[in-house]
Amino acid sequence: MKLLKYLALLLLTLSISSCGVYNFTGTGKIDAKTFQVNYFLNNAPLVQPGIERTFTLKLQDLIQNQSNLNLVSSDGDLTYEGEITNYTITPMAATADLKAAQNRLTVTVNVRYTNKKKDTDNFEKAFSFYYDYPGDQQLIGSSLTTALDVIFERITQDVFNESLAKW
């Protein structure tokens with residue numbers, strides 16, 4: 001019986017120690033307490049008005065929801081800034097009469113991340129994603145909103161993973 005207790009204690013100790021630092025947000029150990037997201041400019045050759053504000057707010061929301069960091073307007077421990085560098089619509093497939101059967105919206109965002117607590121984490125990187133839609137559909141109104149939601153959800157998650165989750 002005594003041997004069984006020692007074995008159970010050993011297994012418990014090994015299982016706890018093998019996990020290391022873990023939390024349910026998916027982030028590693030973060031020494032920072034605050035973050036700021038500066039306004040992302042829209043420097044794309046083809047400008048879609050308002051997407052820079054939408055992206056900035058979605059990045060702020062994602063970091064607030066998936067970490068315990070506090071959003072500040074200046075002097076944050078972590079700083080996210082950059083610009084939208086590409087917004088393009090390209091035909092992906094053609095019909096027999098040479099019309100687009102499917103189009104692709106691609107958005108690229110250049111992100112500069114600065115960590116005041118750990119300079120080795122700093123980076124500048126371009127993040128890009130796309131949304132395919134039927135060629136006979138105009139990308140306006142709710143269809144544009146849907147496309148941008150899909151694209152920005154992926155890009156903001158990629159930025160989060162690169163900066164905080166270290167995946």
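Here are the numbers for this structure:
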| read-out | value |
| --- | --- |
| Rounded to whole Hz, the Karplus (6.51, -1.76, 1.60) HN-Hα couplings of the stretch 46-53, x for glycine and proline | 9, 9, 9, x, x, 6, 5, 5 |
| Inter-site label distance for LYS116 and ASN38 at 7 Å from Cα along Cβ, in nm | 1.4 |
| Nonlocal amide H pairs with ASN70, under 5 Å, H built at 1.01 Å | THR34, PHE35 |
| Residues THR106 and GLN137, FRET efficiency given R0 of 25 Å [Cβ-Cβ distance, rounded to 0.05] | 0.95 |
| FRET efficiency for PHE123 and ASN68, using Cβ-Cβ distance with R0 set to 22 Å, rounded to 0.05 | 0.50 |
| Cα-projected label distance for THR54 with ASP75, points at 7 Å along beta-carbon direction, nm | 3.5 |
| FRET efficiency estimate (nearest 0.05) - Cβ-Cβ, THR145 to THR90, R0 22 angstrom | 0.65 |
| Mean separation of Cα contacts under 8 Å (6+ apart) over length of the stretch 65-167, as relative contact order % | 22 |
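Each value in this text was obtained by applying a stated rule to the coordinates, not by laboratory testing. The shown structure was predicted, so the numbers you read here are calculated from the model rather than taken from an experiment. All Cβ positions, glycine included, derive from the backbone under ideal geometry; neighbour counts span all protein chains shown.
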